[in-house]
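Coordinate-derived values only; no laboratory data. Small disclaimer: the values here were computed from a predicted structure and weren't measured. Ideal geometry is used to build each Cβ from the backbone, glycine not excepted, and the neighbour counts take in all protein chains shown.
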Amino acid sequence: MFYFDELNGKKILKSDELSGLTHLFTTRETVIKTKEPEFEKIAEQNKAEIIEYLHIQPENFIHPSQTHTDNIEIAEVGKTLYPDTDALILTNKIQGIYLNFADCTPVILYDRVKNIAAIAHAGWRGTAKSIAPKTVKKMCTEFGSKPENITAAIGPAISVCCYDVGMEVFEALRQTVSDFTGLFQERGGKIYVDLKSINARQLEEIGVKNIDICPYCTVCDNDMFFSYRKENATTNRHSAVIKF
């Protein structure tokens, strides 16, 4: 279950299914990613506070350059650049990693048996490319994880109530699972898809059993999270953060 916590009096979001892994999803109050001048100082301050909370050096708080691919990398100590990468696997205790979102679906994956974790960026393109299950498969092939030992926490994202798509996107998403039942709605002549549940179904179909789905919609709950669609292509982002 997802719940709100506080970091220096400001809201962060966590999942109790990820106990054992230091993690958080930032909110509007704890934003660390922006290109908007009015948010730059607060983002810088928040980032410093999160680095302190994680007990790491600033140079070890890293994120990839997200471009809606299905490219998956493994975080390496001393390496800070991960171009065209939309999922990052963490195996060391020195670094903290974060990925950024504003409507797209954040997926944290945690194997408490092997003590490795990952974050995947699953917008509709990443979801259509099955980035979350591909990340699980890489954890299995590279580190010997088993899907049944992996917990997934699917964070705040645009929900089925607000995410209408065209037929091309619908078909691309439909083909990623064997059973698309319950993953879309038809209302007012439009098709609405449930990205969070599609990612969950993809993970279920490869054997991931423990999945926590965040109830918050970035459009409906725009007072807490950023929405690219609702806020006219805002550059503000909320982030998913992990650290051992």
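For Glu36 and Thr80, a Förster radius of 25 Å and the Cβ-Cβ distance give a FRET efficiency of 0.60, rounded to the nearest 0.05.
Loop-located GluC sites (Glu not before Pro) in the stretch 160-196 (DSSP state not H, G, I, E or B) with no more than 16 neighbouring Cβ atoms inside 10 Å do not occur.
Within the stretch 87-106, name every residue whose backbone N is under 15 Å away from a label modeled 7 Å from Cα of Thr67 along the Cβ vector. Output list for this probe position: 87.
In the chain, the calculated helix contribution to ellipticity at 222 nm averages -7000 deg cm²/dmol per residue, counting -39,500 (n - 2.57) for every DSSP H run with n ≥ 4.
Calculate, in nm to one decimal, what Glu171 and Ile206 gain on full extension: separation in residues at 0.36 nm each, minus their alpha carbon distance. List each step's numbers first, then the result.
Numbers: separation 35, 0.36 × 35 = 12.60 nm, distance 2.05 nm.
Using 0.36 nm per residue and subtracting the Cα-Cα distance, I get 10.5 nm.
Which value in nm describes the separation of the simple spin-label points at Thr141 and Asp16, placed 7 Å from the Cα toward the beta carbon? If labels sit at Thr141 and Asp16, their model points lie 3.7 nm apart. Full extension of the chain between Ala48 and Glu148 yields a length gain of 32.4 nm, computed as 0.36 nm times the residue separation minus the alpha carbon distance.
Under the shape rule built on the C-alpha gyration tensor, where the axes satisfy a ≥ b ≥ c, the stretch 79-150 is oblate, since a/c reaches at least 1.5 while a/b does not exceed b/c.
Among the listed options [x] 7, 25, 24, 19, 11, 8, 5, 1, 0; [y] 6, 26, 35, 23, 7, 2, 0; [z] 8, 34, 38, 17, 3, 0, the one matching P(r) over Cα pairs in 10 Å bins from 0, in percent as calculated from these coordinates is [z].
Taking a label point 7 Å from the Cα of Gln57 along the Cα→Cβ vector, which residues of the stretch 70-92 have an amide N closer than 13 Å to it? Backbone N within reach: 77-80. In the chain, Cα pairs under 8 Å separated by at least six residues give a relative contact order of 25 percent.
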